[in-house]
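See structure below.
The values are calculated or read from the model by the stated rules, or taken from the named source; none is laboratory data. What you see is a predicted model, and the numbers here were worked out from it, not measured in a lab. Cβ placement follows ideal geometry from the backbone for every residue including glycine, while neighbour counts extend to all protein chains displayed. SASA here: full protein model, heavy atoms, side chains in, ligands and nucleic acids out. Shrake-Rupley method; radii C 1.70, N 1.55, O 1.52, S 1.80 Å.
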Amino acid sequence: QVQLVESGGGLVQAGGSLRLSCAASGRTFSLYTMGWFRQAPGKEREFLGAITWSGGRTYYADSVKGRFTISRGNARNTVYLQMNSLKPEDTAVYFCAAALGLVVVPAIERTEKYDYWGQGTQVTVSS
């Protein structure tokens, strides 16, 4: 079993920053890829980026590249999503997800490739 818990969401004004955390527990040794997604009301879940535990390679969606940064904690049980220059359209519930094995780049954006999901944390960006 693997448990993922997001934290750090909240209300921020446009142009501000937030740092989300995803803490993993359980059999984390089997995890390979950690991803961040978001879902706004009435919209499908959107891929934001991912990081691999081995090597810390990162991947980003074009929509957030340059504003959002994914990093790995020193203890290898936490990943972060640093969000800068936030816009009202960034308002959504943000989720972290984990894949047990390698997710090839062409499929890294697909929600079905991830085996575990956190409960989500709300991010609201005001105008």
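Key figures for this structure:
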{"item": "Three-way shape label, region 73-127, alpha-carbon gyration tensor, a/c 1.5", "result": "prolate"}
{"item": "Chain lengthening between residue 82 and residue 30 when straightened (0.36 nm per residue, less Cα-Cα)", "result": "16.2 nm"}
{"item": "Set of aspartates and glutamates with alpha-carbon distance to residue 113 below 16 Å, sequence-local pairs under 8 removed", "result": "44, 46"}
{"item": "Calculated log₁₀ intensity ratio I(q)/I(0) where the Debye formula runs over C-alpha points of the chain, q = 0.18, 0.22 Å⁻¹", "result": "-0.89, -1.34"}
{"item": "Per residue value of the accessible surface for the chain (all protein chains in place, 1.4 Å probe), Å²", "result": "51 Å²"}
{"item": "Area accessible to solvent at residue 91, 1.4 Å probe radius, in Å²", "result": "40 Å²"}
{"item": "About the Cα centre, charge dipole magnitude for region 1-105 (Lys/Arg +1, Asp/Glu -1 at Cβ), debye", "result": "240 debye"}
{"item": "Nearby aspartates and glutamates by direct alpha-carbon distance to residue 43 (threshold 19 angstrom, same-chain neighbours under 8 apart not counted)", "result": "62, 89, 90, 109, 112"}
